[in-house]
Every structure is written in C-alpha cells, then in structure tokens.
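See below for the structure under consideration.
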Amino acid sequence: MRVSRGEVVMNYVLLIAFALFALAPVLTILIGSVSAPLGEPAGFYPGNYLEAWTVGGFGSSLGNSVVVAAIVVGLATVLSIGSGYALGTMRFPGATVLFYLFLLGMMIPAEATIIPLFFDLRTLGLTDTYLAIALPQVAQSIAFGTFWLRAQFRSMPTSLLEAAALDGAGPLRALRSVLVPASRPAIVTLVVLVFMWTWNEFLIALIMTPSGSRRTAPLGLATFQGQYTSETALLAAAAVIIALPTVILFLFLQRHFIRGMLEGVAK
C-alpha cells in the first residue's frame with residue numbers, strides 16, 4: 001500500500017512530538033544541573049557536579065552499587081542461563097512445576113518478603129554486607145532471567161543441538177559453544193535490565209543495611225536530597241551522577257539490547 005507524502009510528514013511530526021515529550025524531563029534535569037545555585041548570579045555552573053560529588057560523598061555509595069551490581073548481574077546471568085537452558089531444551093519430570101515456581105518469584109513483591117528475609121539474614125550475620133543486598137536481588141532476577149532465556153532457548157532450532165551432538169559436544173559444550181553465542185542479544189538484554197533494576201533498587205538496600213555502612217547510590221541520593229532540599233541545582237547534578245552509569249551501559253550495549261527486545265517481542 002502506497003503511503004502519501006502527507007502521511008509521512010504526519011508520522012514524523014508525531015514521532016518528534018513524542019520524542020520531545022519523553023526528553024523534556026531529561027533536558028530539564030540536565031539544564032537544572034548546570035544552573036546557578038541559590039544566591040549566585042545566573043550563568044553556567046558545571047562546578048555543581050564537583051560540589052555535589054564532594055558534599056554528597058557519592059564516591060563510596062557508587063562504589064557500593066558497583067560491587068552489588070557486579071554480584072547480582074554476574075550470578076543472575078550465569079544461573080539464568082543454566083536454568084533457562086534446562087527448562088527450555090530438556091524434558092524431565094517436574095519441569096513444568098519448577099518453571100511455575102520460577103514464575104511465582106516474579107509475582108511476589110519484595111515488600112511481602114523483605115521483613116522476614118531481614119531477620120533470616122540477621123540470624124546468619126549477613127546484614128550490613130554486600131551479600132545481604134545482592135542475594136535477594138539475585139533471586140528476583142533469576143525468576144525473570146529463567147523466563148526470558150527459556151523462551152529464547154526454546155525458539156532455537158533443534159538442528160543446532162543435534163549437529164553439536166553429532167560433533168561429540170555434550171550438553172555443557174553445546175550450551176557454551178552453540179546456544180550462548182547465538183543468544184547473545186537476549187543475554188545482553190537480560191544483563192542491561194538486571195543492572196538497571198539492581199542499580200535503582202532502594203528498599204532492599206535500605207532494609208538490609210541498617211547502619212548505612214553499605215549505602216548504595218539511591219540511598220546516597222535520598223540522603224543528599226534530605227539535606228539539600230532547597231538546592232535544586234545540586235540535586236539535579238546529583239541525580240545526573242547517579243543515573244550516568246546506567247545511561248552509559250545502555251548506550252554501549254544499545255544495539256544488542258534493542259535487537260534482543262525485538263526478538264523477545266517476536267517470540
């Protein structure tokens with residue numbers, strides 16, 4: 001069907017309008033982060049970032065978030081690949097029930113389990129540690145990762161596994177050498193999503209670190225906001241600092257991420 005020139009122009013107008021609507025809050029924060037602080041003449045103030053970094057002590061909180069994100073992303077990705085491979089390509093008794101148990105992990109909100117989980121981890125002496133923040137998020141991420149990669153592995157042609165078996169490759173070798181490389185966009189998409197969820201997690205980090213010794217980036221931003229509620233320029237600069245790692249990771253992996261999301265929608 002032929003599209004008229006007017007329809008093409010209207011499509012671009014709508015796309016530009018939606019893009020501006022989506023980018024308006026981001027541009028507002030960016031402009032506010034370099035605006036004049038209270039009591040200063042109007043102008044361009046990039047020093048807001050340095051002041052926010054120094055006053056807010058974001059070096060330690062960002063470091064804590066990096067450690068937690070590395071643990072969660074690493075463990076969740078490896079375990080999700082294994083569980084997704086088993087449930088997506090193998091047939092064994094109880095596989096369906098086990099898969100529904102993984103889905104149950106996606107349905108139960110963290111708010112429903114966070115308090116008893118805190119007492120369990122306190123009994124084990126794990127509160128105020130990286131593991132206390134990371135392990136609950138690993139469990140949450142594995143639920144989604146298993147669901148995501150099971151669909152990916154089930155959609156792969158069985159001829160790939162048959163050819164690997166004919167070449168003498170065992171299950172682990174077939175997973176490592178055949179399925180994982182072919183599923184790279186889906187795995188990268190999982191990595192980006194888990195990193196984003198982990199980086200932005202607030203409740204688990206708040207409850208599991210009562211002393212604040214392992215304060216993550218969102219907690220650092222909340223503390224900074226409570227101290228400088230009137231300094232909108234510093235608050236905007238701090239928000240940009242906290243969001244920057246996620247933006248950088250997405251821009252670096254956006255090609256694989258978009259491809260993985262489109263393949264997931266197609267499935």
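Whenever a residue of the range 89-106 is touching a residue at least 24 places away in the same chain (Cβ under 8 Å), its partners that are surrounded by fewer than 12 Cβ atoms within 10 Å (Cβ to Cβ), lying with C-beta atoms within less than 9 angstrom and at least six residues away or across chains, give the pairs Thr89/Thr158. In the range 37-95, which residues are open to solvent by 70 Å² or more (accessible area, probe 1.4 Å), farther than 30 Å from Gly170 by Cα and assigned to a helix (DSSP H, G or I)? Correct list: Leu50, Glu51, Trp53, Thr54, Ser60, Val66. For Ala132, the conditions (1) open to solvent by 30 Å² or more (accessible area, probe 1.4 Å); (2) in contact with a Ser or Thr (Cβ under 9 Å, 6 or more places away or on another chain) are fulfilled apart from (1).
Applying the criterion of being open to solvent by 20 Å² or more (accessible area, probe 1.4 Å) and touching a Lys or Arg at 6+ places or on another chain (Cβ under 6 Å) to the residues of the range 148-201, the residue that is nearest to Tyr130 (Cα to Cα) is Ala151.
The values are calculated or read from the model by the stated rules, or taken from the named source; none is laboratory data. On a predicted model such as this, the values are computed, not experimentally measured, just so you know. When we count neighbours, we look across all protein chains shown, and the Cβ atoms used for this are built from the backbone with ideal geometry, even at glycine. These area figures cover heavy atoms from the full protein model, side chains too; ligands, DNA and RNA do not enter into them. Shrake-Rupley method; radii C 1.70, N 1.55, O 1.52, S 1.80 Å.
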